[in-house]
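Accompanying notes for the structure given below.
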Amino acid sequence: MMTQRLRQRGWKVNRKKVSRFMSILGLKIKCKAKKRRRLGISSGKRQQACYPNHVWSWDIIYDQTSRGRQLRILTVLDEYTRECYSIQVGYHMTSCEVLETLKQLVQQHGMPEHIRSDNGSEFIAKAVQVWIKTSQIATLYITPGSPWENPYIESFHGKFRDECLNRELFDSLLEAQIIIEDWRNEYNQERPHSSLGYQTPFEFKKTLCNPPVATLPTGCIKHPNMMYTNITSGTNNGG
């Protein structure tokens with residue numbers, strides 16, 4: 001990723017050389033995964049995202065201001081495009097605020113078919129569950145102590161913490177909200193993503209508007225608005 005960012009700025013660099021310099025400078029950081037407890041019941045089978053709005057992930061992480069006051073941060077991610085739809089920052093994060101954020105995102109981006117999360121009290125609250133069920137969104141809760149079952153949001157949190165939270169000292173809630181929103185826009189519009197062929201989430205999303213032919217991933221169902229290539233024969237099949 002760093003090699004691609006340097007190339008975007010006109011540098012002619014080799015990936016191995018960049019990796020070696022990062023090791024020498026101590027810029028490679030290993031992040032420890034957090035264990036989470038399960039309380040809710042999934043209403044859908046484990047599902048791999050196969051198109052935009054197929055599976056969303058959301059979670060809450062924590063940071064603090066320079067005065068030691070805790071910040072609660074709600075993140076929402078589209079697992080297929082890797083686009084971060086929202087990062088909400090507050091001293092408190094109630095189930096009502098979580099639900100209001102979800103409603104706003106549905107109005108902006110459309111309704112997801114599945115939503116994946118841990119079993120935080122904000123996500124299993126009765127008001128949230130009733131609205132999700134009424135909207136016919138399938139809930140996907142991960143197994144306790146198994147963050148690998150929610151890999152996209154965990155990977156995003158690792159980048160978010162390394163590139164923003166660990167580098168910034170917030171003096172106030174407003175400052176945190178502004179800096180974090182700036183980082184979210186940079187992540188979506190400027191930061192290349194290795195799993196997207198080193199495209200940004202916005203660039204990848206644009207290619208989906210008029211895709212030539214997309215390959216159907218293993219285990220995915222056909223979406224009515226996309227064309228797929230038969231992996232074995234190479235012929236086109238409408239889906």
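Details
- Amide H contacts of Val76: Tyr85, Ser86, each under 5 Å away and 5 or more positions distant or on a separate chain (H built 1.01 Å from N in the peptide plane; Pro and chain starts excluded).
- Label-to-label distance, Met22 versus Gln48, with points set 7 angstrom from Cα along the beta-carbon direction: 2.5 nm.
- Region 62-128 - percent relative contact order, Cα under 8 Å, separation 6 or more: 24
- The slack in the chain from Gln104 to Cys209, taken as 0.36 nm per residue of separation less the alpha-carbon distance, amounts to 35.5 nm.
- The listed residues Asp78, Asp171, Asp162, once ranked by accessible area (1.4 Å probe) with the largest placed first, stand as Asp171, Asp162, Asp78.
- Of the residues Arg82, Arg9, Arg67, the one with the largest accessible area comes first in the ranking Arg67, Arg9, Arg82, computed with a 1.4 Å probe on protein heavy atoms.
- Leu174/Ser121 FRET efficiency (R0 22 Å; Cβ-Cβ; nearest 0.05): 0.25
- Per residue, region 152-193 exposes 47 Å² of accessible surface when a 1.4 Å probe is rolled over the protein heavy atoms with every protein chain present.
- Distance between modelled label sites at Ser195 and Arg9, nm, 7 Å Cα→Cβ extension: 2.6
- Using a Förster distance of 22 Å, the FRET efficiency for Met1-Thr143 (Cβ separation, nearest 0.05): 0.15
The values are calculated or read from the model by the stated rules, or taken from the named source; none is laboratory data. From a predicted model like this one, the values you see are computed outputs, not experimental measurements. Cβ coordinates were reconstructed from backbone atoms using ideal geometry, including for glycine residues, and neighbour counts include every protein chain displayed. Remember, those area values only see protein heavy atoms, side chains included, never the ligands or the DNA or RNA. Shrake-Rupley method; radii C 1.70, N 1.55, O 1.52, S 1.80 Å.
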